[in-house]
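As C-alpha cells, the structure follows; a few thoughts come after it.
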Amino acid sequence: MKVTWSWLKDWTALPESPETLAHHLAMLGFPVQSLEQGVTFDAGIVVGHVNQVDPHPNADRLRLCTVDVGAGEPLQIVCGAPNVAAGQRVAVAQVGSTLPDGMKLRRAKIRGVESMGMICSERELRMSEESAGIWVLPGEPAIGTPLASIAGEGETVLDIEITSNRTDCMSVRGIAREIASAYDGLTPPKPLAAAGAGALPDVAIENPDDCPRYMARVVRGVTIGPSPEWLRRRLEASGFRAINNVVDATNYVLREYGQPIHAFDAAKVGGNAIRVRRARRGEKLVLLDGREMSLDADVLVIADAERPMAMAGVMGGLESGVTDATRDVVLESAHFQAALIRATAASRGVPTDASDRFAQGVDPVAVALALDATARLLAEIAGGEVLQAVVDEWPGRKEPARVRLRHRRLERLLGFAVPQDDVVRALAALEIQAAGPWSRSGDDDALEVLVPPHRYDLAIEEDLIEEVARVRSYDSIPLTVRSGPLPTFSTSDEQKAATIIRDVACGIGFDQALSTVLVGSIPAEAREGMADGDIWELQNPISRELKHLRPSLLPALIRAAVENLHHGVSDVRLVEVGKVFRATPAPLGTESLEATLVLAGDAASWDRPAADRDRLLELKGAVEALLAALAIDSWESRSYHDSRWAAGTAVQLIGSDGPLGIVGEVAPKLGRALGAERPMWAATLSIGALARAGTPVRRYRDVPRYPASKRDLAVVVSRPDVMHEDLLGTIRDAGKPLLERARLFDLFRLGPEAEAARSLAFALEFRVGDRTLTDAEVDAAVATIVTTLEKRHGAVLRGASPAGTGRKA
C-alpha cells in the first residue's frame, strides 16, 4: 500500500526521517518495499506568463508562444499542448535547466523555428502519472519565481507491505495507529460541523445478517468540479486517479479509513427511501461501468422504493450515480457481510476496491467515522451543507470478543521477562483494552482483554503475545544460542523418483516448466475417464480462469508449448513434475505425483541433423532413458487409445505391477482446443508407479566379454490388427536364446491409403556369454524369426513384398 509522509503526519507524530520510519514499520511487521523521495526542481524551472500564442508556420498542431519569465526579453517557445493559451501562468524550464527525469534542456529548432525552453506538464515534472496538456498554475504566482518555492518539495511516498491477515492496516489511519503505538498516540479526527436541516431518507434493513450496520448522511448544495491540488496529489500518490470532487472524496476516505463510501444523487432516490435487501428474480441493474447485471436472490442490493440502485458493497448503479448536474448527495457508509460480498463480486465478475475491503471485513465502528469524514470533506471542497441529522441503523451490534492472556505463558513464549504493567501498556497502545485487572488462574496470572472491532486477526492467546512482542520491538528480544537435536528429514521413494526424472530430463535437453495448480475450464478431450464429480471445483475462485484443481499436467504443458512456438522457439522440449488432484473418493479425494513431457516443433538441426519430423520415437527414447535412470529394466509397451491421443500412435508402458505411463502423439482435436496448430508429442508418467517399479538396489552386471552381432530386420505387414508390440513379442520368443535385445526404430506405410500395408524395421542384437557368435548362428536365428513372423502374423521381409510408394506413417 502506498501512502505519503504528510498524510501519515496528519494522524500521528513521525520520526526524524523516512528511513527511520521504514525501519520502525519493519519491526512492527510491515516492511517498506520502497521509498520514493520527493521531486526536487531545478532553479531554472520558473513561473512564466504566456503573453501571446500564434500558429506555428510549419506545423498545424504546434503553437508559437511568447512567454515572460521575469528576466530579460520574453522567450519564444514552441509548444504542442492543446490547452496552452495567452494569459496563463505556467511552469517554464529554461535552456540549461534539468528536468526531474534528468534531461537537460538545450536550445533547439522544432520544424524550423527556434525554441528557447519548454512549457511543462505535470507528467514532465513527475508530479502526476498522466496529464492532458501543460500544467496551468493555480492563482497568480509571481512571474520568475522558482517553481520549487511555490510547488514545494515533492512528497515522500512509502510503499508498505501489508500481510493478508492485517486488513485493518489497509488504510492511512490503520498504519498511523501502528506507528502511534511507539509515539504520542493517534490524532483524533476533525469534528464535523453539521448544522443543516432537512429530510433524511427512510432506511430499512431486510436482514441484519446481510447488513449489520447502515448509515447515511445528506449533503446539500454541492458543486461538482475538480478536486483541490493537495487532494489530487495524495490520491495519485496512493494509486487512485482523480475524477471529480465527489468521487475523489469517497476514494480519499476509502484510502484514509479503509471504509468504502458510496454517493447517490439524492434527487434519484425514489420515494426518498433506501432498502437494504436481496434482489428479486428478474431485476436488472446497469452498473457505473455500463454493464447490465441480471440479479437474483444471491445478490444484496441497495434499492429505493422502486428499483435497485446499487449492488451492495460492489458497485453503484448508473441511474442513481452522481453527475455534473447533481446538487444534493446521499452518502452511504455500511458494514456488509464479508462472505456475501465476496461471493457476489466473484460470481458476477465485478471485483472492485470496495468489494475487496468488504470481503476482508471492515470496522463497524469506523463506519461512522468514515461517513463524517466524507461529509466534512465534501463541505470543504464541494461547497456543500451537511444536514445535522444522520441515519444509523445498527441491528447487528455485538459486544467485543474477549481473549484470555496468561502471564507466565507469555514470558515462556517470548523468552524474556515482561512486567504485567508493561503488558497492559503495550496492548493499550494498540487500542486493545483490558477487561479488568490480572487475576489468579491455576498456577498463573491471567488477563482478559477486549478485542477491538477492527482487529479480525486476534482470536487466540498467541495473537496477543505477538502484539506485545511487536510493541516492545523485536530488537529487544535477547539473542540466545539454543541447543537441541538436529531434525531428521526423510525423502519418500516418490520424491526421489520425481527428482531423478526432473534431473535426467533436463540433462537430455528438456526445459523444466512450472504451471499453476489452479486451472480454468478443462477441454473435454483431456477429461478421458473423468466424470464431473472427479474434478475439484473451488466454491469461491479468485477468477474464472482459476476454478479447478488440475487433474492432469498435460493441458497446461501443451499451452506452454504453444506459447513457446508463438514466440519463435523452433524446438520445444518441456518437462514438468507436479501434483495432480482428483475429487474421488469422497470426501478428501486423492492427489498424486505425475510427470509429463512434451515435444513440439522441429528438432534442432545442429543437435539432430536430418531428424525425422515425426518425433514419436525421439520422445519414446527420452522416456526409455528415464526408465533406465530409475533402474526399471522390466517393462513392455502395448497399443493404447483414448481421446487425448492421435489414433494409432499411443503406447502404454506396462511394468511388473501395472501401467507406468503413456507415450503418443497428441490428438489434433485436443491440440486445437488448446491453441496448437501443428503436431505435438507427449508422455504422461505416474511417479508412484515408477517409484514402485524401480529397483531399490542397483546390481552390478559384468561387462560383456564378447561382442554383440547386430542385424536390422524390416518386415511388411498387411493385416491392420497386427501391432508392433505383437511383432516384438514374437521376435523375442523366436530369437531365444541368442537374441539379447530388440527394438522398433522405423515405420513406413507403403501407400497413401489408411489401410495400406506397413513396413516396420527392428534393430536386433545377438550375444551369448561364453563365445563370439558366428555369422551362421546369427543368420539361422534371424531366419527362424522371419519364418515365425510369417506364420503368426503374415509378416514378410520387405525385400520379398510387392514394391510400393514409401511414405512415413
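The values are calculated or read from the model by the stated rules, or taken from the named source; none is laboratory data. The model shown is predicted, which means the values in this text are computed figures rather than measured ones. All Cβ positions, glycine included, derive from the backbone under ideal geometry; neighbour counts span all protein chains shown. SASA here: full protein model, heavy atoms, side chains in, ligands and nucleic acids out. Shrake-Rupley method; radii C 1.70, N 1.55, O 1.52, S 1.80 Å.
A few points about this structure:
- The residue of segment 258-295 that is most open to solvent (accessible area, probe 1.4 Å), among those that are among the charged types (D, E, K, R) and more than 28 Å from residue 363 (Cα to Cα), is 281.
- Any hit, segment 605-613, residues being over 21 Å from residue 536 (Cβ atoms), modelled with pLDDT under 95, acidic (Asp, Glu) and within 37 Å of the chain's Cα centre (by Cα): no
- Of all residues making up segment 99-129, the number that are touching a residue at least 12 places away in the same chain (Cβ under 8 Å) and within 39 Å of the chain's Cα centre (by Cα): 12
- The set of residues in segment 734-743 that are in contact with a strand residue (DSSP E or B) (Cβ under 9 Å, 6 or more places away or on another chain) and open to solvent by 40 Å² or more (accessible area, probe 1.4 Å) comprises 740, 741, 743.
- With respect to the conditions (1) surrounded by fewer than 17 Cβ atoms within 10 Å (Cβ to Cβ); (2) among the β-branched types (Val, Ile, Thr); (3) in a helix (DSSP H, G or I), residue 468 lacks only one, and its number is (1).
- Condition met for residue 102 (assigned to a loop (DSSP other than H, G, I, E, B), modelled with pLDDT of 90 or more and either open to solvent by 30 Å² or more (accessible area, probe 1.4 Å) or closer than 24 Å to residue 149 by Cα (or both)): no
- Verdict on residue 171 being open to solvent by 10 Å² or more (accessible area, probe 1.4 Å) and of a type in the set (S, T, N, Q): no
- The set of residues in segment 432-444 that are out of contact with any His (no Cβ under 8 Å at 6 or more places or on another chain) and within 30 Å of residue 183 (Cα to Cα) comprises 432, 433, 434, 435, 436, 437, 439.
- Helices (runs of 4 or more DSSP H) wholly inside segment 153-260 that include at least 3 residues being closer than 22 Å to residue 335 by Cα: 172-180, 245-257
- Tally of residues being more than 19 Å from residue 520 (Cα to Cα), touching a Lys or Arg at 6+ places or on another chain (Cβ under 9 Å) and surrounded by 21 or more Cβ atoms within 10 Å (Cβ to Cβ) across segment 551-576: 1
- Taking the conditions (1) touching a residue at least 24 places away in the same chain (Cβ under 8 Å); (2) under 30 Å from residue 571 (Cα atoms) in turn, residue 742 satisfies each one other than (1).
- Candidates 344, 352, 326: the one that is among the β-branched types (Val, Ile, Thr), in contact (Cβ under 8 Å) with a residue 24 or more places away in the chain and under 24 Å from residue 271 (Cβ atoms) is 326.
- Residue match in segment 370-380 (condition: in contact with a Gly (Cβ under 8 Å, 6 or more places away or on another chain), touching a residue at least 24 places away in the same chain (Cβ under 8 Å), in a helix (DSSP H, G or I) and within 18 Å of residue 395 (Cβ to Cβ)): no
- Looking only at residues in segment 7-38 that are open to solvent by 30 Å² or more (accessible area, probe 1.4 Å) and over 28 Å from residue 477 (Cα atoms), the one that is nearest to the chain's Cα centre (by Cα) is 36.
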